[in-house]
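One structure below.
The values are calculated or read from the model by the stated rules, or taken from the named source; none is laboratory data. Everything numeric in this text was worked out from a predicted model, so none of it was measured. Positions of Cβ are generated from backbone atoms using ideal geometry, with glycine treated the same way; all protein chains shown enter the neighbour counts.
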Amino acid sequence: MYIISLIISNIAIVKPLSDDRLYRSIRLENGIEVMLISDFNSPKAAASMSVGVGSFQQDKDLLGLAHFCEHMLFLVRIIIINSK
């Protein structure tokens with residue numbers, strides 16, 4: 001059996017009754033929507049990001065911009081890792 005846990009941007013998050021994780025949605029000041037999932041049974045923490053843009057959304061005059069943004073997202077990760 002499934003239940004609707006919460007609704008984020010008019011999308012219902014459906015999860016099984018056996019899923020005891022906590023779900024929460026927030027919108028940052030810059031407009032980015034964030035879904036937080038807390039699993040108190042997990043010994044580790046993780047983060048992921050989904051960017052809802054790509055080559056299908058880019059302007060014909062800006063070809064390659066989506067690919068460039070992808071590299072910039074991962075460049076920040078490399079800088080953070082190398083700075084430690």
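Figure legend. Inter-residue proximity from segment 32-43: first residues closer than 18 Å to Ala12 by Cα and in the same structural domain as Ala12 (by TED's automatic domain parsing), second residues among the hydroxyl-bearing types (Ser, Thr, Tyr) and surrounded by 11 or more Cβ atoms within 10 Å (Cβ to Cβ), beta-carbon distance below 6 Å, spacing 6+ or different chains. Indicated pairs: Met35/Ser25; Ile37/Tyr23. Among the numbered conditions (1) of a type outside the set (Lys, Arg); (2) surrounded by fewer than 11 Cβ atoms within 10 Å (Cβ to Cβ); (3) modelled with pLDDT under 80, the only one that Ser18 does not meet is (3).
Of all residues in segment 14-29, those that are without any contact (Cβ under 8 Å) to a residue 60 or more places away in the chain have Cβ atoms under 6 Å from Cβ atoms of residues that are of a type in the set (Ser, Thr, Tyr) and in a strand (DSSP E or B), 6 or more apart or on another chain, in Val14/Tyr2; Lys15/Ser5; Pro16/Tyr2; Leu22/Ser38; Tyr23/Ser5.
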